[in-house]
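The structure under discussion appears below in the form of structure tokens.
Computed from the coordinates by the stated procedures, all read-outs in this text should not be read as laboratory data. This one's a predicted model, so the numbers in the text were calculated from it and none came from an experiment. Heads up, the Cβs are rebuilt from the backbone with ideal geometry, glycines too, and the neighbour counts pull from every protein chain shown.
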Amino acid sequence: MRFTASDIRQLPQHHPTSLRWTQRDSIKSFLLEGNSITPLEALSLFGAYRLAAHIEVLRSRGMFIVTTMNKDATGRSYARYHIPADLMGKNINHYLPSTPQGARCYA
């Protein structure tokens, strides 16, 4: 499922009262819902300027996130991140070459 600009207003406001909901939490939730995301989408949806840094942290915590490089109409390259559909909802620790001790997979 892909979100459009008109869907932004309909996104739930994730601000639990007992926990601080971060941009990284929003990106993680967005990916786990089956969406893919680009840096420009992350900026417009969540105000996240450094999507690659958030993705790196999520990967270090055990999430299996795939990067696909694309080119826009002007020829500029950009990354699109997603979790493969066949791994959604599965424990993927056995797919990873090495998982840091204590890391948890959310895919």
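As a test of the definition: which semi-axes, in Å, follow for region 19-95 when you take the square root of five times each eigenvalue of its alpha carbon gyration tensor? Largest first, please.
Whole-Å semi-axes of the equivalent ellipsoid: 21, 17, 10.
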Fewest first, what order do 69, 63 take by the number of other Cβ atoms within 10 Å?
-> 69, 63
Got a sec? How would 33, 41 order by Cβ neighbour count within 10 Å, fewest to most?
-> 33, 41
Residue order, fewest to most beta carbons within 10 Å, for 25, 86 | 86, 25
